[in-house]
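The values are calculated or read from the model by the stated rules, or taken from the named source; none is laboratory data. What you are looking at is a predicted structure, and each value in this text was computed from that prediction instead of being measured. Glycine gets a Cβ as well: all are built from the backbone with ideal geometry, and neighbour counts include every protein chain shown.
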Amino acid sequence: MSQLSLLGLYRPDSTFLHRTRPGPKLLALFVLSLAVVLIREAWFSITALALVLGLVQFSRMSWLALWRSLRMLLIILGFLAAYHAWQNGLWHAIAVVIGILALIIAAAVLTATTAVDDLLDTIVCGLGPFRRIGVNPEAVALSFSLLLRFIPDVAERAYETRDAARARGLDRDLRAYLTPLTIRVVARAQLIGEALYARGVGETLHAKGVEDNEKAEST
Amino acid sequence: MIEFDQATCDSRLKSTTLTLSEHRIGVIGLNGSGKSTLARMINGLIEPDSGQVRVNGLDTQRQGRQVRRKVGFLFTDPGAQLVMPTVIEDISLSLRHRYQNKKERHAAAIAALERFDLVDLAERSVHQLSGGQRQLVALISVLAAEPEIIVADEPTTLLDLRNARLVGDVLFSLEQQLVLITHDLELVERSERVLIITDGVVTFDGDPFKAVRQYRASI
């Protein structure tokens with residue numbers, strides 16, 4: 001498994017959180033996010049973090065997997081905390097950074113306890129009313145799931161490219177890392193697009209472009 | 001029945017006229033010879049610049065959607081083909097247009113896995129599968145859409161000997177018509193008819209054993 005597995009955390013289980021429908025969980029995440037952003041107080045962020053860590057324990061998530069997926073983020077949050085502490089004071093830094101951390105972990109709990117298929121159905125359902133103004137809920141849901149599936153994939157490619165650059169002694173050359181990585185990711189995306197097309201995935205969603213195309217060609 | 005009627009694709013495939021009606025058809029040729037182009041023209045992933053490609057009477061350009069429903073395409077790298085985070089979700093995706101009801105869809109996906117004794121993999125993340133398992137799951141996903149024809153583009157190239165044999169055996173046990181693009185000369189000898197492609201031209205068309213002998217001699 002890839003190291004960056006924040007989004008591949010899903011483990012089937014039967015805890016209360018697993019059994020709860022994705023709708024209420026998404027709503028809870030939304031409310032928590034709003035609260036953290038609006039209240040922006042250290043005490044609230046810390047409470048939120050404690051609550052969310054409780055949920056991690058309660059949902060029987062793997063602490064190790066969580067730690068692994070957060071490691072890199074913690075470094076970034078560290079910098080962010082230092083910046084805020086310097087600019088706006090320690091309490092503000094705590095409020096912001098602990099708040100973000102709590103939300104990230106809450107999102108991880110959501111993905112760990114929700115099968116993507118369920119999540120997709122919920123998104124499709126939730127976007128139903130917007131169909132009238134031209135939103136295609138299935139297409140939106142599919143883009144979400146592709147995002148979830150391929151973020152670890154991109155990370156894998158990043159490690160691969162880094163190793164290749166290292167093997168040639170170019171570990172300090174950013175260009176030797178970023179150029180091939182970009183090319184690889186784009187090539188991969190093309191292949192995935194081809195695979196989706198071959199499976200008729202976009203088409204069962206009535207991808208408008210393709211349909212119009214076919215109509216134009218058949219007339 | 002697959003028909004190429006003076007189909008060309010810029011320099012990759014020169015004007016080709018073929019009628020492929022045999023149950024097992026092999027395609028061999030060097031890297032860059034045009035094998036993959038030929039394969040992709042069968043399901044309309046690549047459209048001919050001139051001429052026509054028809055699958056069971058349907059034009060790949062004008063009726064691409066119906067053609068792709070009839071033609072299942074197996075890629076070399078199953079990693080790109082499996083677009084959902086878990087095995088069961090990926091198979092369900094192929095079943096989305098046939099079963100609106102989620103329970104039915106799930107049951108059908110499980111049944112598809114049962115056919116190959118792979119139910120244990122249902123909840124597994126696609127990242128956690130071995131190469132052989134990935135290719136089998138990709139094939140199951142393709143079969144779940146109940147195609148009439150399977151086009152496999154070097155499906156065993158990335159696999160070890162045991163898995164290559166396994167995937168080969170499964171492919172040759174299917175009831176569907178099979179067009180197999182491969183570098184595995186042992187495997188291709190199991191087909192009824194073999195094409196050799198050289199620089200975008202079909203240079204041999206006929207008996208598999210003769211084809212392999214001629215191919216070996218030409219290198």
Handout entry: Residue list for the stretch A:172-193, filter: over 23 Å from the mean Cα position of the chain (by Cα) and either in a helix (DSSP H, G or I) or touching a residue at least 60 places away in the same chain (Cβ under 8 Å) (or both)
Key = A:Leu174, A:Arg175, A:Ala176, A:Tyr177, A:Thr179, A:Pro180
Fill in the blank from the handout: B:Ala152 vs (1) surrounded by fewer than 22 Cβ atoms within 10 Å (Cβ to Cβ); (2) under 23 Å from B:Ala39 (Cβ atoms); (3) more than 7 Å from every other protein chain (Cβ to nearest Cβ): all pass except (1)
Handout entry: Segments classed as strands (runs of 3 or more DSSP E), wholly inside the stretch B:122-219, with at least 1 members that are within 23 Å of B:Gly29 (Cβ to Cβ) and without any contact (Cβ under 8 Å) to a residue 24 or more places away in the chain
Key = B:201-206
Exercise for the section: Please indicate, with yes or no, whether at least one residue in the stretch A:122-140 is assigned to a helix (DSSP H, G or I), modelled with pLDDT of 85 or more, within 30 Å of B:Val151 (Cα to Cα) and within 11 Å of chain B (Cβ to nearest Cβ). Expected result: no
Fill in the blank from the handout: Checking A:Ala95, A:Ala81 in turn, the sole residue that is in contact with a Lys or Arg (Cβ under 6 Å, 6 or more places away or on another chain), more than 30 Å from B:Gln128 (Cα to Cα) and surrounded by 18 or more Cβ atoms within 10 Å (Cβ to Cβ) turns out to be A:Ala95
Handout entry: One residue from A:Arg11, A:Arg60 being without any contact (Cβ under 8 Å) to a residue 60 or more places away in the chain and more than 26 Å from A:Ala93 (Cα to Cα)
Key = A:Arg60
Completion exercise
the stretch B:1-113: strands (runs of 3 or more DSSP E) wholly inside it with 2 or more residues that are of a type in the set (Asp, Glu) and either farther than 21 Å from B:Arg134 by Cβ or at pLDDT below 95 (or both) are B:2-9
Exercise for the section: Tell me, yes or no, whether the stretch A:153-171 has at least one residue that is modelled with pLDDT under 85, under 24 Å from B:Gln63 (Cβ atoms) and either within 24 Å of the chain's Cα centre (by Cα) or not polar (S, T, N, Q) (or both). Expected result: no
Handout entry: Residue under evaluation A:Ala93, criteria (1) within 14 Å of chain B (Cβ to nearest Cβ); (2) more than 30 Å from A:Cys125 (Cα to Cα); (3) among the small types (Gly, Ala, Ser), criterion not met
Key = (1)
Exercise for the section: Tell me, please, whether a residue that is more than 7 Å from chain A (Cβ to nearest Cβ), under 21 Å from A:Leu148 (Cβ atoms) and touching a helix residue (DSSP H, G or I) at 6+ places or on another chain (Cβ under 6 Å) can be found in the stretch B:110-120. Expected result: no
